[in-house]
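> A single structure is presented below for examination.
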Amino acid sequence: MTADILISKTFYEHPFADEIECKVRQAIVFFPELTGDITLVRFGHSKIGSKWAVAYADYAKKEIGFNVKWNISMQTIFHELGHFLQRSIKEIPSGEQACSIYALARMPEELVDDCVIPYIGCVPESKIPYYCQLGLKLRNENKERRYIKKLVEIIKIDSESFPERVKTGEVKFKELSNEEYRKFQLELNETD
């Protein structure tokens, strides 16, 4: 049985509440280990003291909060659900990068809606599940102690062909022109 999603009284004051709720309901089915209730809340900058915080997961309160200044990517939602996994399954290491790897490895490619693996980097959307699954393979099959560092190195090598504005997050990969996109897809296919 999957966790139930509850909605706080003020959640619908979030400008993207309907879209976020829909995304959470889509994502939660990929976390069958999670049980009980998870409440969706909204917050402003003062809630956790950082204007850059997009979302947070609070296991003790069983809630996920979403900053009212941001529309939320599916990767962020998977990442926040991943924090609940970290607390529920002792084999999953703690830390933001490990959380992203474990959570996004479960993500179907068709749900990817941004070019970011939270706390790891910007990559082509079509490669996000692949890279996260590779990270798990490095850790589990290859017994790579420094699997996150190794994964970041692999991503860095693969992403050297990205335009600078994608590396800095100034523009999402899907906003590249068709010509730029085709060029980078060809380069990525040559490295596979």
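The values are calculated or read from the model by the stated rules, or taken from the named source; none is laboratory data. None of these values were measured; they are calculated from a predicted model. Note: ideal-geometry Cβ built from the backbone for every residue, glycine included; neighbour counts use all protein chains shown.
> Identify, please: which residue in region 40-62 is more than 23 Å from Asp113 (Cα to Cα) and modelled with pLDDT of 90 or more and is, among those, surrounded by the fewest Cβ atoms within 10 Å (Cβ to Cβ)?
Ranking the candidates gives Ala60 first.
> Could you figure out which of (1) over 21 Å from Tyr102 (Cβ atoms); (2) assigned to a helix (DSSP H, G or I); (3) hydrophobic (A, V, I, L, M, F, W, C) isn't true of Val24?
Evaluating Val24 over (1) over 21 Å from Tyr102 (Cβ atoms); (2) assigned to a helix (DSSP H, G or I); (3) hydrophobic (A, V, I, L, M, F, W, C) leaves (1) as the failure.
> Kindly indicate whether Ile117 is aliphatic (A, V, I, L, M), within 21 Å of Asp18 (Cβ to Cβ) and within 10 Å of the chain's Cα centre (by Cα).
Criteria not met by Ile117.
> Can you name the condition, by its number, that Val116 falls short on among (1) surrounded by fewer than 19 Cβ atoms within 10 Å (Cβ to Cβ); (2) modelled with pLDDT under 90; (3) farther than 19 Å from Leu34 by Cβ?
If we test Val116 against (1) surrounded by fewer than 19 Cβ atoms within 10 Å (Cβ to Cβ); (2) modelled with pLDDT under 90; (3) farther than 19 Å from Leu34 by Cβ, just (1) comes out false.
> Inspect region 73-87 for any residue being farther than 22 Å from Asp18 by Cα, among the hydroxyl-bearing types (Ser, Thr, Tyr) and surrounded by fewer than 22 Cβ atoms within 10 Å (Cβ to Cβ) and give the result as yes or no.
no
> Right, something else. Going residue by residue through region 46-61, is there one that turns out to be under 25 Å from Pro15 (Cβ atoms), assigned by TED's automatic domain parsing to the domain that holds Leu6, assigned to a strand (DSSP E or B) and of a type in the set (A, V, I, L, M, F, W, C)?
The initial filter retains those residues of region 46-61 that are under 25 Å from Pro15 (Cβ atoms), namely 46-58, 61.
Next cut, assigned by TED's automatic domain parsing to the domain that holds Leu6 only: 46-58, 61.
If we keep only those that are assigned to a strand (DSSP E or B) too, we end up with 55-58.
Then drop every residue that is not of a type in the set (A, V, I, L, M, F, W, C), which leaves 55, 57.
Yes, that holds for at least one residue.
> Could you check region 80-117 and list, in sequence order, the residues that are in contact with a Leu (Cβ under 6 Å, 6 or more places away or on another chain) and in a loop (DSSP other than H, G, I, E, B)?
Once the filter is applied, which keeps residues that are in contact with a Leu (Cβ under 6 Å, 6 or more places away or on another chain) and in a loop (DSSP other than H, G, I, E, B), region 80-117 yields Ile92, Ala105.
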